1. Which value, in Å² and to the nearest 10, is the accessible area of residue 50 when all protein chains are kept and the probe is 1.4 Å?
2. Please list, by residue number, everything in segment 39-72 whose backbone N is under 17 Å from a paramagnetic label point 7 Å out along Cα→Cβ of residue 28.
3. Dipole magnitude of the chain about its Cα centre, charges +1 at Lys/Arg Cβ and -1 at Asp/Glu Cβ only, in debye to the nearest 20?
4. Specify the residue with the greatest mean-square fluctuation among 55, 127, 45, computed from a Gaussian network of the chain linking alpha-carbon atoms under 10 Å apart.
5. Please list 3J(HN,Hα) in residue order for segment 21-27, calculated via the Karplus relation 6.51 cos²θ - 1.76 cosθ + 1.60 where θ = phi - 60°; whole Hz, with x for glycine and proline.
6. Within the chain, how many Lys pairs that are eight or more residues apart, or on different chains, come under 25 Å at the alpha-carbon?
7. If you roll a 1.4 Å probe over the chain with all protein chains in place, what percent of the accessible area is carbon or sulfur?
8. Mean 1/r over all different Cα pairs, inverted: what Kirkwood radius does segment 56-114 give, in Å?
Amino acid sequence: MKESERKANYGALIRKALEARTRSYSPYSHFSVGAALLTKSGTVYCGCNIENAAYTPTNCAERTAFFKAVSEGERDFEAICIVGGKAGEPGCFTAPCGVCRQVMMEFCDPETFRIILATDEAHVQIYRLKELLPVGFGPQNVLY
Ligand code: THU
């Protein structure tokens, strides 16, 4: 599939990420993020960022989605869509933090897993995990 076709096909995933963003719990940063994680079988797990008064327990939207999916038995992932921005504002392209990239590395093939950054259905950037985490450290470095 061409990258332009992929873009066209990700509309439903983007809408789910936008909906998840409305559930963000971010009273400290006022930066709300939504994620929609697509499995290879077509199921979508959504997540939002969940902040904490002690700050470090904060969970990013992407990891919320991954941990929901893995805890339900899913391990085969195709793509994740991320939307974020200052609460109450339309949104800006929001790339995953380093910790979330590392969690993706644990469960996803860096050659094929797609990370979709969007502000709405018309404004989309698509990356492969390999591009956002080059020369990554993953399970194959430990399990051999
Ligand atoms: N955040 C995410 O949820 N995902 C990202 O990729 C970047 C950052 C959250 C964490 C925190 O709640 C807020 O955005 C500001 O950093």
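1. Accessible area of residue 50: about 80 Å².
2. 48-64
3. Result for the chain is approximately 80 debye, rounded to the nearest 20.
4. Most flexible of the set in this elastic network: 55.
5. Along segment 21-27, the couplings run 4, 5, 9, 3, 10, 9, x Hz.
6. Close lysine pairs found across the chain: 15.
7. It is 55 percent, rounded to a whole number.
8. Evaluated on segment 56-114, it is 12.6 Å.
The values are calculated or read from the model by the stated rules, or taken from the named source; none is laboratory data. Being a predicted model, the structure only gives us computed values, none of them experimental. Please note: Cβ atoms are built from the backbone with ideal geometry, for glycine as well, and neighbour counts cover all protein chains shown. We work out accessible area using only protein heavy atoms, side chains counted, and drop any ligands, DNA or RNA first. Shrake-Rupley method; radii C 1.70, N 1.55, O 1.52, S 1.80 Å.
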